[in-house]
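Engineer: Take a look at this one; I'll ask things after.
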Amino acid sequence: MSKELFDTRIMPVRDKMYRYALSILKSPDNAHDVVQECLIKIWKKRQMISTIDNPESWAMRITRNQCYDWVKVNRYNLLQVEKSDQADINSADQELLFKDREVWLNKIIDTLPAKHREIFHLREVEELAYQEIADILSLTLGEVKISLFRTREKIKELINKLDTYGLAN
Amino acid sequence: MDSRTKLLLEKYWRAETSTAEERLLKEQLGTVQEASAEANYFKAIDRRKQQVSEISFQHPGKRIYYWYVTIAASLVIGLLVGTGLWQRQQSSSEYTVHDPEIALELTRNALLMVSSGLNEGKDLSAYQLNQINKPKEIITNKSNSNIY
């Protein structure tokens, strides 16, 4: 029974878990390893699945915790990534150096502050409801909505800049 | 872009859209052949949705099963090797003599056996050499009789 639940409720979410881990860690190999560890963890706790309201959100929350555990252990590596990202957002803000709009937009998404990026990812890419996002991140509904509003506002502003300067045309 | 999509887009930037409305908007703008920054933004999101790991994930249940199989196979191999070594040790200990006198006697017998074998070989060699010399003698005798 619990094996069946694992196969029907958790295994289909593995790609979502991977994308979420990738949005946090930014390394495909590390994201893969983290998700594989999460699957093993959930498998060991599979008896619990039947008692959980939303196994998908639960799996995503475990993924998030596992990612931040990984960050703690490999703090130096992640700081290196964050530093290089900071340089990217500055250059994007200054004069929109990237010719390719998609690359530029990807950089904008990648360089959002960690929590905003997570909320953005869960809403825009995984299409989760505000409440689910709030549950995964242990935030209030209001915090999620405000964060998403600010992120979209920032992206809209950058898009307007791009359209005004017309760099990609 | 039609007016309905424009309105939906405005609502989207204000973060007032529902999940269903956002899905509709992404479907419309994510597939449109438009080069606007907004369209590219939705296309970029759509590409992100398609990201999957290049290495497939192992089912943890099967992973644990493989571990059991590996452990069982290792145990069987260890058992076979252990039994083999034990048997070898047993058989070699049957031929081990601990008393020096008996060992000396056995060695002497063995050497005598080898020595008698060598003597037989010596006799045989002498006989064979004799056989080789026989034709030479015949030829020598014949040539002598021809001269006389």
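The values are calculated or read from the model by the stated rules, or taken from the named source; none is laboratory data. Treat the numbers as computed from the prediction; the structure is a model and nothing was measured. Cβ placement follows ideal geometry from the backbone for every residue including glycine, while neighbour counts extend to all protein chains displayed. Accessible surface areas use protein heavy atoms only, side chains included; no ligands, DNA or RNA. Shrake-Rupley method; radii C 1.70, N 1.55, O 1.52, S 1.80 Å.
Engineer: Take region A:85-131 and flag every residue that is at pLDDT below 50 and of a type in the set (Gly, Ala, Ser).
Structural biologist: Of everything in region A:85-131, just one residue is at pLDDT below 50 and of a type in the set (Gly, Ala, Ser), namely A:Ala87.
Engineer: Being at pLDDT 85 or above and within 60 Å of the chain's Cα centre (by Cα): is that true of B:Leu129 here? Give the derivation first.
Structural biologist: Values: at pLDDT 85 or above: no; within 60 Å of the chain's Cα centre (by Cα): yes.
Taking the combined requirement at face value, the residue does not satisfy it.
Engineer: Checking the condition β-branched (Val, Ile, Thr) and within 12 Å of chain B (Cβ to nearest Cβ), which residue from A:Ile24, A:Ile52, A:Ile42 passes? Steps first, please.
Structural biologist: On the way: A:Ile24 fails: within 12 Å of chain B (Cβ to nearest Cβ); A:Ile52 fails: within 12 Å of chain B (Cβ to nearest Cβ).
Answer to the check: A:Ile42.
Engineer: Another one. If we scan region A:120-129, do we find a residue that is within 12 Å of chain B (Cβ to nearest Cβ) and over 18 Å from B:Leu25 (Cα atoms)? Quick ask: steps written out before the conclusion?
Structural biologist: Restricting attention to region A:120-129, the residues satisfying the condition of being within 12 Å of chain B (Cβ to nearest Cβ) are A:120-129.
Applying the additional criterion that residues be over 18 Å from B:Leu25 (Cα atoms) yields none.
No: region A:120-129 contains no residue that is within 12 Å of chain B (Cβ to nearest Cβ) and over 18 Å from B:Leu25 (Cα atoms).
Engineer: Under the condition of being basic (Lys, Arg) and within 9 Å of chain B (Cβ to nearest Cβ), which residue from region A:130-160 is least open to solvent (accessible area, probe 1.4 Å)? Break it down into steps so the answer makes sense when it comes.
Structural biologist: The initial filter retains those residues of region A:130-160 that are basic (Lys, Arg), namely A:145, A:150, A:152, A:154, A:156.
After this cut, where a residue has to be within 9 Å of chain B (Cβ to nearest Cβ) as well, the list is A:145, A:150, A:152, A:156.
On the way: A:Lys145: 95, A:Arg150: 140, A:Arg152: 0, A:Lys156: 56 Å².
If we take residues in region A:130-160 being basic (Lys, Arg) and within 9 Å of chain B (Cβ to nearest Cβ), then A:Arg152 is least open to solvent (accessible area, probe 1.4 Å).
Engineer: The conditions are (1) free of Cβ contacts under 8 Å to residues at least 40 places away in the same chain; (2) open to solvent by 30 Å² or more (accessible area, probe 1.4 Å), and A:Arg64 fails exactly one of them. Which is it?
Structural biologist: It is condition (1) that A:Arg64 fails.
Engineer: Please find, among B:Leu106, B:Leu80, B:Leu124, B:Leu85, the residue that is modelled with pLDDT of 90 or more and either assigned to a helix (DSSP H, G or I) or aliphatic (A, V, I, L, M) (or both).
Structural biologist: On the way: B:Leu106 fails: modelled with pLDDT of 90 or more; B:Leu124 fails: modelled with pLDDT of 90 or more; B:Leu85 fails: modelled with pLDDT of 90 or more.
Result of the check over B:Leu106, B:Leu80, B:Leu124, B:Leu85: B:Leu80.
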